[in-house]
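Here the structure is laid out as structure tokens; the discussion comes afterwards.
The values are calculated or read from the model by the stated rules, or taken from the named source; none is laboratory data. Here the structure is a predicted model, which means the values were calculated and not measured. Neighbour counts run over all protein chains shown; Cβ positions are idealised from the backbone, glycine included. The area values use the complete protein model at the heavy-atom level, side chains included, leaving out ligands, DNA and RNA. Shrake-Rupley method; radii C 1.70, N 1.55, O 1.52, S 1.80 Å.
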Amino acid sequence: MPSSPKSPGPVELPARHSYGRKCHFQRRLLIFTAFVLVFSAGSFLILQITIGPPSPSGQHSPEYPESTFWRANSLKKWAASAGYRYSDPSNTAQEATERNNDVKDSHRQFSRPRVALPQQRIYNEEEDDPHLSTDDAEGNFDRIWHDVNRHQQPETPIIPFEISLDRAPSRASQESYLLALPYAGMTNQFYGVLRALEVAQRLGRTLILPPITTASSHDRTKQGQSQPWSKFLDLEKFTAMTGVKVVELHEIIDPSESVTSGLECLITGGVGSARPLDGTARTFLKQWKFDLRLQPLGGGGRHEHESPPLDTVIADLEQMKKSSKYLCLTNSFKIEIPDKTEWERFGQYLYFTPELELFARKILERHYLTNAIPTILPSSDSTPSIKSARATRNSEFWASHPFITIHARRRRDFESYCTRFFSGDQYQHCFPSTEQLAERIQTIQALRKHPLPVFVATNERRPEELAKFTTLGWKVLNHENLGTVKVLGTFGPMMLDSLLLAHAHVFVGIHMSTFSRVGALRQLDWHERQAEYM
């Protein structure tokens with residue numbers, strides 16, 4: 001009997017190779033390689049935008065060394081991104097063509113420039129404003145440039161600033177001018193004016209005073225605000241005492257006109273190249289419809305560092321623009337004046353206007369000061385004018401109404417600076433507490449037969465600290481209730497506080513604050529009194 005066929009056993013499949021794992025690994029490797037290539041290309045593109053392309057010919061202008069050539073390319077890139085124009089003196093033919101073409105262009109928009117590396121803030125030369133913020137552009141570009149670009153600028157013709165100067169009423173045709181862009185807060189702008197006066201007098205030019213300006217990010221309207229210096233400082237008296245001629249910008253051009261002025265400014269202190277224009281300067285340019293053109297001052301990068309010496313600035317200006325109708329500097333605050341003589345030569349002669357003095361006097365008489373000390377001032381045989389008579393009455397008032405003024409700076413950025421650089425007993429000299437201030441005032445009052453009223457000029461907003469001032473019997477001017485802004489404008493509160501610092505019989509200030517130091521200088525030169533520094 002035949003045997004039954006064998007049933008087939010299980011079919012053995014060939015062993016699987018690890019192709020799936022290999023393909024997965026290769027895909028990941030390709031993705032990683034692509035990512036590295038994209039990252040490298042992006043880095044190279046950023047480097048090109050930042051530094052600028054090399055010269056096609058590999059040669060550099062004989063007037064400028066290699067470092068200047070690369071810096072010029074970087075400036076062109078920055079100026080293009082910022083909506084400004086950069087002028088290279090080695091390209092005069094091309095510049096002339098571009099200038100003619102630019103007259104036909106619409107008003108250039110302000111856009112965000114390439115952000116410079118953060119610069120260390122030097123607080124002993126920084127603005128101390130009890131009412132207005134003093135944020136630097138390096139840390140606030142997003143907000144500031146958003147505010148500047150919020151509204152579309154209308155298309156307007158661009159007229160060279162020289163034409164506006166020629167059209168200005170009662171201006172001598174042969175007169176030449178100097179203008180410097182405003183910088184930071186009000187006290188820094190004040191020092192910028194003093195240092196610009198040094199430059200203008202050395203060059204034999206009339207200084208154009210830009211108005212006091214606050215950046216758009218510093219006020220609630222987000223448009224930026226400005227006021228002429230003559231609203232608060234007696235410029236006529238200044239010229240009569242010093243012989244120095246000044247003219248305010250609103251006497252030359254009207255910002256309400258729909259005409260854009262082409263303004264060419266020389267980069268000073270690296271502002272406009274190594275460091276961007278700050279929010280105050282940009283707001284000023286927008287308010288006054290200036291189409292800015294940047295040009296380097298001098299060669300070899302001498303004005304790229306923080307504080308160019310006055311003599312260097314003067315030498316370069318004399319070589320570059322002897323016959324020009326005007327000169328414009330991107331920054332005058334950073335110019336280094338030998339022995340800091342700008343206050344002695346100019347600052348002490350910038351007195352407050354009689355109108356500001358009268359406003360302060362009425363507020364103090366009505367709300368704060370009641371008891372007066374009889375005072376006899378020297379009499380004059382001549383019949384005084386109305387203005388001089390008002391000034392005499394103001395002088396009599398300050399002499400017969402003694403008081404103490406404290407300057408208490410209370411901003412977080414200033415507190416951080418003091419914490420970083422000072423400790424122990426030194427800290428109170430930079431950022432004294434209310435208790436430490438009270439201890440100093442108690443010592444001062446103990447030396448007097450009758451205690452004096454105490455005023456506080458401060459940017460303190462914490463309710464608990466303000467309550468401490470009230471408990472101590474100190475007075476903080478409530479500018480909102482007093483209507484200071486309504487009567488004097490945006491900068492009225494700070495100017496009124498400045499006046500209280502200047503005329504106090506005893507002034508207690510902070511040595512690290514420019515605002516305090518100006519008050520101390522006025523005390524010394526106007527009243528021959530020494531300030532008390534914490």
Within segment 293-336, of all residues that are over 22 Å from ARG517 (Cβ atoms), charged (D, E, K, R) and at pLDDT below 85, the one most open to solvent (accessible area, probe 1.4 Å) is LYS322
Please specify each residue of segment 193-206 satisfying the condition of being touching a strand residue (DSSP E or B) at 6+ places or on another chain (Cβ under 7 Å) and open to solvent by 10 Å² or more (accessible area, probe 1.4 Å).
-> VAL193, LEU203, ARG205
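If I ask for residues that are in a helix (DSSP H, G or I) and more than 25 Å from the chain's Cα centre (by Cα), which ones from segment 398-423 would you list?
Scanning segment 398-423 gives TRP398, ALA399, SER400.
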Candidate set: segment 238-254, residues that are without any contact (Cβ under 8 Å) to a residue 12 or more places away in the chain and assigned to a helix (DSSP H, G or I); chosen: the one most open to solvent (accessible area, probe 1.4 Å) | ALA240
Wholly inside segment 424-534, helices (runs of 4 or more DSSP H) that include 1 or more residues that are hydrophobic (A, V, I, L, M, F, W, C), out of contact with any His (no Cβ under 9 Å at 6 or more places or on another chain) and without any contact (Cβ under 8 Å) to a residue 24 or more places away in the chain are 434-446, 463-471, 514-527
Determine which member of the set THR419, THR443, THR434 is β-branched (Val, Ile, Thr) and over 25 Å from HIS505 (Cβ atoms).
-> THR419
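Kindly check whether there is at least one residue in segment 337-357 that is modelled with pLDDT of 85 or more, open to solvent by less than 80 Å² (accessible area, probe 1.4 Å) and of a type in the set (Lys, Arg).
Residues of segment 337-357 that are modelled with pLDDT of 85 or more, as a first pass: 337-357.
Cutting the leftovers down to open to solvent by less than 80 Å² (accessible area, probe 1.4 Å) gives us 337-338, 341-343, 346-354, 356-357.
Filter once more, keeping what is of a type in the set (Lys, Arg): none.
No, segment 337-357 contains no residue that is modelled with pLDDT of 85 or more, open to solvent by less than 80 Å² (accessible area, probe 1.4 Å) and of a type in the set (Lys, Arg).
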Which numbered condition ALA215 fails, given (1) hydrophobic (A, V, I, L, M, F, W, C); (2) at pLDDT below 80; (3) more than 21 Å from LEU488 (Cα to Cα) | (3)
